[in-house]
Amino acid sequence: MPPMTANQRYPVRFTLNGTLVQGDAEPRLLLHDFLRHTLGATGTHVGCEHGVCGACTVQIDGQAARACLTLAVQAEGCDVRTVEGMAPAPDRLSVLQEAFREHFGLQCGFCTPGILMSLDAYLRDHPDCDELGVREVLSGHLCRCTGYTSIVQAALAAAARLREAVDA
């Protein structure tokens, strides 16, 4: 690829929630803007735009990442997953989403997509997690509504269900 210039647009192709997507982006366009405005995937919320609040968290190649700190062109060829891709079917919630529903893990819901994406990656990599580990993951997210207790309970309940499913 030739050197990028600020006002030139470049093709960006990656897999989004299992579907190959593409669009054109200036080198400075952030991934959250590309997802929301170019691709119409509005589940990823834009909060502080400095990587602090965690509202924009997505998964890139299975790892939680801040979409406000990632350029769209950096996602080229990657596997990107957003909250829209969590549910196993349009009429079913994921285990973690269901646990959030049952344990009242969300209030206004603004921070929830990012928290879900971080916890989803964490639970996948740490099936035997404990409260301290969950709280450490949540330390990278700002939620002004829940007080975190219900989110921790939901994450631990989801982890237990996921372990039961593996053991069954």
Among the residues of the stretch 126-157, write down those that are outside any helix (DSSP H, G or I) and over 17 Å from G51 (Cα atoms).
H126, P127, D128, C129, D130, C145, T146, G147, Y148
Answer with yes or no whether L123 is part of a helix (DSSP H, G or I) and among the hydrophobic types (A, V, I, L, M, F, W, C).
yes
Quick one: what pairs do we get from the stretch 69-86, first residue free of Cβ contacts under 8 Å to residues at least 40 places away in the same chain and of a type in the set (A, V, I, L, M), second surrounded by 19 or more Cβ atoms within 10 Å (Cβ to Cβ) and assigned to a strand (DSSP E or B), C-beta under 9 Å, 6+ apart or different chains?
L69/L30
Residue pairs meeting the criteria (Cβ under 8 Å; at least 6 apart or on separate chains; first assigned to a loop (DSSP other than H, G, I, E, B), in the stretch 90-116; second of a type in the set (D, E)):
S94/D120
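Bear in mind that the values in this text are calculations on the coordinates, not laboratory data. This one's a predicted model, so the numbers in the text were calculated from it and none came from an experiment. Backbone-built Cβ (ideal geometry, glycine too); neighbour counts: all protein chains shown.
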